[in-house]
Amino acid sequence: MSRIVGSPLPRSTRLLLGAVPIAILVIVYGALSYQRHLENPMDRLMPTVEQLWRGLGEITTADRRSGEVWLWVDTRASLVRLAKGMGAGVGLAIVLGVLTGIFSTLRALFLPLVTALAKVPPLALLPIVFIFLGVDESSKIVLIALGIAPTLTSDIVLAAAGVPREMVVKGYTLGATTSEVVAKVILPQIMPRILDSIRLTIGPAWIFLIAAEAISAESGLGYRIYVVQRQLAMNIILPYVVWIAILGVAMDLGLQALSRWLYPWAATKGH
Amino acid sequence: MADEDAKRRIEERIAEAARAAARDGKRAPIAVDPVVRAGSVEAAGDGDPATATGAPPGARSDGGVPPILECTHVSHRYPRQTGGFQLVLNDIHLRVPQREFISVVGPSGCGKSTLLRLVLGSELPWQGSVTASGVAVDHPRRDRGIVFQRYSLFPHLTVLQNVIFGLELDGTWLLQKWLTWPIYRRTHYRRQVEQGMAYLRTVKLDEHANKYPQQLSGGMQQRVAIAQALIMKPRILLMDEPFGALDPGTREALQLTIVEAFAEQGITVFFVTHDLEEAVFVGNRLLVLSQFWTHDDGSSGEGAKVVLDVRCPKSTSVDVKASSEFQELIQRVRRDGFDPNHQQPVRTFDLSAAAPG
């Protein structure tokens, strides 16, 4: 057994190792579905690779009736909701979190409430949101925002409160006003950490999106999965699930790249 | 001793009158250059604490110009975890005229960093008052620059951006930089960069202007921090154990850097350290804070007082550290300030006895 402390693996080795479990998963699935179809050609639970391919073709070509390509329509609808919801949640969390993190009075005032709200499962709020806002787009966006804002806020509170007091004092001695200290000393320093926190909320945001779409929508990735579930169309559900995974990973990598590009100093280590 | 006290009280009264005159708009007498006068003050080294501390250089009348820093009967306490309060500073009385390099030293827990925070304004004293150039200290402000031991630099800015941080805030309105960038870049920004590079050259870091602080060694970071504070031309530069985390060689080099900056730029420095040798070397006036003192009846006192306030042998070379004068002073401070078994009765060194009121 190797020691925990060791030199980092070369990039090529890391990528190769990461691909191994995925390859095994695909191979095992292929073998299992083949096996099942030998026993029962009508099996619907584990479509063969060929059936999956046909399913993929079905969702990426224009529908005969509406002329729409399901995958694109659903992806666009879902991503727009996700962007609006996460944008609102992140904006709310940054304003609330930075202010609460910096000013101890505001912290005493709001932190208990935020902590309590963070403990409420957002899906329990879904009926309330539906009752107040109806079942259209705004309720889905609000659910995502409400779902991610509390945890993100407490994360940002910690980050803002964690900026050494010395730096704040230093800012003042260099002639900064309080708003300049916030805008030029505290906020830029915690931005990389905020981006990291946002990356972690991508998962929860998808949960709330799919949940809201499953209950009421005319389009969206979650909507489609739940609709075709009635026909047990696994050959459509599985490509959708894989597609959601790809989108999630892409968002994560995108935010990582953004962070490296905007805040190169956060990645620089000592020599 | 009594004569000495009376004399000083008179001097205080004259100073008070001069201040009143200055307030009334009359022309205040011009202060004698404190550095010249400092040269005439005997460097302490004799065995009699009363003579050495009886006339602390800073406590003299300075002709109506408010001292750059003045602590009047300052006491400070912190809540104890077990309830009640712990007195940290006990009736500190202190005056710092211009162009003095005052180094504060004392055993750990004596409250020297607390004193620095009170001077800085990041904490307010429990009792007494702190004034800077005659104005009550309420908040950290740009007339008092600071260099901390750690977290002195902003990690999100390059070395140059760190140094010109204060200049960029100065005299520009919100978003001016961004909205008028094509012009701003060729006027304000260019001037700031030139000035920043000049300061970086004085600390020999101009080659590293575009690196981030994390890419520099600890000693280099502190040099940037010194440039960053000095570029704002503060009336007084406060330093809180600035070289405490550095290795001995780097430390000595930085001591020379700051002594040179002091000599060349005529600044006033308030330097807090736990290293006695460093304190005696960099400062031209040494202030020893200690919690080891007794009342008249022999009972132990609470909170730290100034137990010694003397001139230091001044030199811009590290050779002075080997001189007998230097070593004697260190021995004396070690005995009077740092040895818990050698507790002086407060009467022999209580500087506040001579204070007005």
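The values are calculated or read from the model by the stated rules, or taken from the named source; none is laboratory data. Nothing here was measured: the structure is a model prediction, and the numbers come from that model. Using ideal geometry, Cβ is built from the backbone for each residue, glycine included, and neighbour counts are taken over all protein chains shown. Areas reflect the complete protein model, heavy atoms only, side chains present, ligands, DNA and RNA absent. Shrake-Rupley method; radii C 1.70, N 1.55, O 1.52, S 1.80 Å.
Numbers at a glance
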item: Neighbourhood charge, 13 Å Cβ-Cβ cut-off, centred on residue A:208 and excluding it, Lys, Arg +1 and Asp, Glu -1; result: +2
item: 5 angstrom amide H check on residue B:137, placed H, neighbours 5+ away; result: B:130, B:131, B:132
item: B/A buried area, accessible surface, summed, 1.4 Å probe, Å²; result: 2300
item: Chain-alone versus full-assembly comparison, segment B:152-184, residues with accessible loss of at least 40 Å² (1.4 Å probe); result: B:154, B:155, B:156, B:165, B:169
item: Reduction of at least 40 Å² in accessible surface, 1.4 Å probe, comparing all protein chains with the chain by itself, residues of segment B:228-262; result: none
item: Carbon/sulfur fraction of accessible area - segment B:248-329, other protein chains in place, 1.4 Å, %; result: 49
item: Chain A: angle of helix A:49-60 to the longest principal axis, Cα-based, in degrees nearest 10; result: 60
item: Percent accessible area from carbon and sulfur atoms, chain A, protein chains only, probe 1.4 Å; result: 69
item: Threshold 40 Å² - residues in segment A:155-170 whose accessible area is reduced by that much or more when the chain is no longer isolated, probe 1.4 Å; result: A:166, A:167, A:169, A:170
item: Accessible surface of segment B:67-219, 1.4 Å probe, proportion on carbon and sulfur as whole %; result: 52
item: Prolate/oblate/rounded label for segment A:87-270 (Cα gyration tensor, a/c 1.5); result: oblate
item: Per-residue HN-Hα couplings for segment B:282-287 [Karplus 6.51, -1.76, 1.60; θ = phi - 60°; Hz; x = Gly/Pro]; result: 6, x, 10, 9, 10, 10
